[in-house]
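Q: Just passing along the structure, written as structure tokens.
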Amino acid sequence: MTSFTDFHNIRLLTFDLDNTLWDVWPVIDRANLAFRTWLEATHPELHPLYHDDAVQLARTAILEEDPSLGRQPSRFRRKLMQQVLAPASLSPKMLDEVTEAGFEVFFAERNRIDLFPFAREVLESLSRQYEIIAISNGNADLERVGLKQYFKGHLIAEQTMRPKPEPYMFEEALRMAGVEAHEGLHIGDHAEEDVDAALAVGMKAIWFNPEGAPREDDVPVVRDLSTLHQLLDRSS
């Protein structure tokens with residue numbers, strides 16, 4: 001494992017969010033359930049339309065028509081809701097109103113997350129020692145999640161339209177912090193979109209991988225956030 005001294009010149013930490021600070025898939029499942037429960041309660045005539053087969057057909061059709069929506073989760077979710085509910089022949093205004101209200105139900109639940117062990121403690125400690133910027137292809141809202149106070153900024157692919165592994169968000173984080181690439185360290189769970197992409201712009205990287213899968217290079221692999229803290233904590 002890489003030692004602490006390998007990170008002595010680091011001034012900026014960039015963090016991925018989904019599957020790095022929390023497990024996103026149970027969150028998405030709960031958000032889907034919250035939306036369906038809301039739809040059944042408020043628009044029972046529409047609820048039968050929103051079944052699994054219809055959702056899967058709409059998902060496939062939307063991504064075939066515009067693959068870029070796969071990296072725009074909020075836009076994709078609204079489009080999915082509209083397309084599945086379209087057979088109800090609602091007026092455009094009513095369809096928009098149902099979609100927006102339904103998306104807000106979904107999005108509120110999407111931001112109710114269960115942090116991985118030590119995540120808050122690690123962010124609280126490291127934010128006193130480094131600038132921290134979130135870099136995400138997802139659409140989590142740091143304020144709703146309750147972590148905004150630990151981050152200097154939050155770069156979201158849906159807003160930049162340049163998702164990881166493109167270099168833009170990494171380079172923009174370096175610019176925001178006013179540091180050189182060798183002074184930046186990225187932490188994320190995805191081998192290509194996080195680790196390889198950060199290395200490609202000249203940053204250092206740590207691979208958060210709870211399964212402990214090995215890498216062939218010298219990038220450190222951490223299986224939990226307490227180990228990450230041991231690598232980076234300058235107060236110890």
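Q: Among the residues of region 148-160, how many are more than 21 Å from Leu232 (Cα to Cα) and touching a residue at least 24 places away in the same chain (Cβ under 8 Å)?
A: 2
Q: Pull up region 173-182, narrow it to residues that are assigned to a helix (DSSP H, G or I), open to solvent by less than 30 Å² (accessible area, probe 1.4 Å) and in contact (Cβ under 8 Å) with a residue 40 or more places away in the chain, then point me to the one that is farthest from Asn19 (Cα to Cα).
A: Ala177
Q: Across region 116-147, what is the number of residues that are open to solvent by 50 Å² or more (accessible area, probe 1.4 Å), touching a residue at least 12 places away in the same chain (Cβ under 8 Å) and outside any loop (DSSP other than H, G, I, E, B)?
A: 5
Q: Show me the helices (runs of 4 or more DSSP H) found entirely inside region 19-109 where at least 1 residues are open to solvent by less than 40 Å² (accessible area, probe 1.4 Å) and closer than 30 Å to Arg223 by Cβ.
A: Correct list: 24-42, 73-85.
Q: Go through region 197-226 and give me each residue that's surrounded by fewer than 17 Cβ atoms within 10 Å (Cβ to Cβ), in contact (Cβ under 8 Å) with a residue 24 or more places away in the chain and part of a helix (DSSP H, G or I).
A: Residues satisfying the conditions are Ala200, Ser226.
The values are calculated or read from the model by the stated rules, or taken from the named source; none is laboratory data. Note that the structure is predicted; figures quoted are calculated from it, not measured. Reconstructed Cβ throughout: ideal geometry from the backbone, glycine too, with neighbour counts over all protein chains shown. Calculation scope for accessible area: heavy atoms of the full protein, side chains included, ligands and nucleic acids excluded. Shrake-Rupley method; radii C 1.70, N 1.55, O 1.52, S 1.80 Å.
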